[in-house]
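Nothing in this text is a laboratory measurement; each read-out follows from the coordinates by a stated rule. Values in this document were obtained by computation on a predicted structure and should not be read as measured data. All Cβ positions, even for glycine, are placed from backbone atoms using ideal geometry, and neighbour counts span all protein chains on display.
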Amino acid sequence: MSAELAPYLVLILVGYLPNEAWRLLGVVLARGIDEDSEIIVWVRAVATAVLAGVIAKLTLFAPGALALVPLPAWLAAVATGFLAFLAIRRSVFAGVVCGEIVLVAGTLLAR
């Protein structure tokens, strides 16, 4: 095995596979659960709140290279992500992707 591939193999073995096992177990166990049940709605709300907290922390206290992103790009990315979340059937995925696109574009345009 090439030494260049070793870090990627470690990443797959330590990061991806353990998480994937739990995801697969969740899929198997969740087959009969109603998507609109109270517990699932609550879990979805908690997951969305945690994601919002992470985004707020990254916005207010940007670490490392994110600290170099101009403030207008940050604010535009957060606003775009939130509006995309609302506009696209409250899709967290759509909000995050749209926000990331605006953040990267704003950073590249500021250079």
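Annotation note: trypsin sites (Lys or Arg not before Pro) in the range 1-106 located in DSSP loop regions with a Cβ neighbour count of at most 11 within 10 Å are Arg31, Arg89, Arg90. Only helices enter this figure: runs of n ≥ 4 DSSP H residues, each worth -39500 (n - 2.57), summed and divided by the residues of the chain, yield -23000 deg cm²/dmol at 222 nm to the nearest 500. Of the complete DSSP H runs in the chain, those spanning 30 angstrom or more by Cα along the long axis with a mean Kyte-Doolittle score not below 1.0 are 38-60. Fully extending the segment from Ala67 to Ala52 would add 3.5 nm, taking 0.36 nm per residue of separation and subtracting the current Cα-Cα distance.
Suppose we flag GluC sites (Glu not before Pro) only when DSSP calls them loop and at most 10 other Cβ atoms lie within 10 Å. Which is the longest uninterrupted stretch of the chain? Looking at the chain, 36-111 is the longest stretch - no exposed GluC sites (Glu not before Pro) with at most 10 other Cβ atoms within 10 Å.
Of (1) 16.9; (2) 14.1; (3) 15.0, which is the value of Kirkwood radius over Cα pairs in Å derived from the coordinates here? Of the listed options (1) 16.9; (2) 14.1; (3) 15.0, (1) comes from this structure.
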